[in-house]
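Okay, so here's the structure we're looking at.
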Amino acid sequence: MKLNCDLGESYGAWQMGLDSQMMAHIDMANIACGFHAGDPLVLTQTLALAKQHNVIIGAHPSYPDLVGFGRRSMQCSQNEIISMVHYQISALDGMAKNIGLTLSYVKPHGALYNDMMAEPEVQDAIFIALSQYHRPLKLMMLAGNDNQTLLQKAQHHNVSLLFEAFADRRYQDNGQLTPRSQLGAVLSQNEILSQVQQLLSKGTVITDTATEIPLSADTLCVHGDNEAAIALIAQIKQLCIKSEFKNQ
């Protein structure tokens, strides 16, 4: 299973994450496009790191919410969402081409991601945005109980999907993430390793009610904001490598 991580989220003098260390352990980089974080120099540096480590690159567009780090929902029309997504992925796509890289997919950020998964109107706008882009790009969405429904909808729009699971989040019985406001929503290091191992070996997770549910995912989202997190992700990467070797 490929590891993906949100990167390029520094802005000016404000530093976010340990991108140079993270890039050595991941397979896919979701790169901020300037609306919630990132600036032209940060974007250029992040793309260079991705090229150095042979990491697949994806656009990480958001609502235009730099002050709120893209974590606040905004009431936008369908055309506004389509245009803001096109604007952001075009910027990253063009900058990537400039250094010989190819943009492969799109993963919305923060509130835009959550709204895409919860609100049909926002989801439709994202699908339309990708279907109208001048070349095919895959869309990364949350793996859950409704994978098949999402696949059918994506097929209607001629969009390919990547389903992601979260290494550090507890799941609910419906396959959705437990809200961060609830106690235990973010897993401990031991719980993270246990959940990853179970996903790799059985394709299931244990929910907040201690129920085992299936979870089919193509990629695993990890976060590396400090040295301890980097060390943990290195362990997760080794679990993925061992699992891939066993399945060969």
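The values are calculated or read from the model by the stated rules, or taken from the named source; none is laboratory data. Just so you know, these numbers come straight off a predicted model, no measurement behind them. Positions of Cβ are backbone-derived with ideal geometry, glycine not excepted, and every protein chain shown enters the neighbour counts. The accessibility values were calculated without ligands, DNA or RNA, using every heavy atom of the protein model including side chains. Shrake-Rupley method; radii C 1.70, N 1.55, O 1.52, S 1.80 Å.
Rounded to a whole number, what % of the accessible area of the chain do carbon and sulfur atoms account for, probe 1.4 Å?
Values: 6070 of 11830 Å².
Using a 1.4 Å probe with all protein chains present, the chain comes out at 51 percent carbon and sulfur.
Residue farthest toward the positive end of the dipole of the chain, with Cβ of Lys/Arg at +1 and Asp/Glu at -1: which of Phe35, Leu47, Tyr133? Sorting the options by dipole projection puts first Leu47. Given +1 at the Cβ of Lys and Arg, -1 at the Cβ of Asp and Glu and no other charges, the dipole of the chain around its Cα centre is 560 debye to the nearest 20. Between the stretch 73-119 and the stretch 192-248, the alpha-carbon centres lie 27 Å apart. Entry comment: accessible area of the chain is 48 Å² per residue, from protein heavy atoms only and a probe of 1.4 Å.
Amide hydrogen proximity for Arg169: with H placed 1.01 Å from N in the peptide plane, the residues at 5 or more positions away or on another chain lying under 5 Å are Leu187.
For Thr204, nonlocal amide neighbours, meaning residues 5 or more places apart or on other chains whose placed amide H falls under 5 Å from its own, are Leu199, Leu215.
By the Cα gyration tensor, the stretch 176-248 has an equivalent ellipsoid whose semi-axes, rounded to whole angstrom, run 20, 18, 9 from largest to smallest.
Distant-in-sequence amide contacts of Lys138, defined by a placed amide H-H separation under 5 Å and a gap of 5 or more residues or a different chain, comprise Tyr105, Val106. Charge dipole (Cα centre; +1 on Lys/Arg Cβ, -1 on Asp/Glu Cβ; no other charges) of the stretch 127-248 amounts to roughly 340 debye.
Between the listed residues Ser160, Asn190, Gln176, the Cα displaced farthest toward the positive end of the dipole of the chain, a dipole computed from Cβ unit charges relative to the Cα centre, is found at Ser160. Derived scalar couplings between HN and Hα for the stretch 80-88 equal 5, 5, 4, 5, 5, 5, 4, 4, 6 Hz in order, rounded to whole Hz, by the Karplus curve 6.51 cos²θ - 1.76 cosθ + 1.60 (θ = phi - 60°), x for Gly and Pro. Here the Karplus relation 6.51 cos²θ - 1.76 cosθ + 1.60, evaluated at θ = phi - 60°, turns the backbone of the stretch 227-242 into coupling constants of 4, 5, 5, 4, 4, 5, 5, 4, 5, 4, 4, 5, 4, 5, 5, 5 Hz, with x for every Gly and Pro. For Ser201, the shell of other residues with beta-carbons less than 11 Å away shows a net charge of +3, using +1 for Lys and Arg and -1 for Asp and Glu. Once you divide the Cα radius of gyration of the chain by 2.2 N^0.38 Å, the number left is 0.97.
Please report the antiparallel percentage of the DSSP beta bridges confined to the chain, to the nearest 5. Don't skip to the answer; put the middle values down first.
On the way: 6 of 31 bridges.
If we restrict to bridges inside the chain, about 20 percent are antiparallel.
Counting DSSP beta bridges with both partners in the stretch 124-239, what percentage is antiparallel, nearest 5? Close to 40 percent. Across the stretch 63-71, coupling constants 3J(HN,Hα) worked out from phi with the 6.51/-1.76/1.60 Karplus curve, θ = phi - 60°, read 4, x, 9, 5, 5, x, 6, x, 9 Hz, and Gly and Pro carry x. Rounded to the nearest 20 debye, the dipole magnitude of the stretch 29-120 is 260 debye, with +1 charges on Lys and Arg beta carbons, -1 on Asp and Glu beta carbons, and the Cα centre as origin.
In deg cm²/dmol and to the nearest 500, what is the mean residue ellipticity at 222 nm of the chain if only DSSP H runs of at least 4 residues count, each as -39500 (n - 2.57), divided by the residue total? List each step's numbers first, then the result.
Numbers: 8 runs with 105 residues, N = 248.
Helices in the chain give a 222 nm mean residue ellipticity of -13500 deg cm²/dmol.
At the residue level, Glu227 shows approximately 110 square angstrom of accessible surface with a 1.4 angstrom probe and all protein chains present. Counting only Cα atoms, the stretch 67-191 measures 43, 32, 28 Å along its principal axes, largest extent leading.
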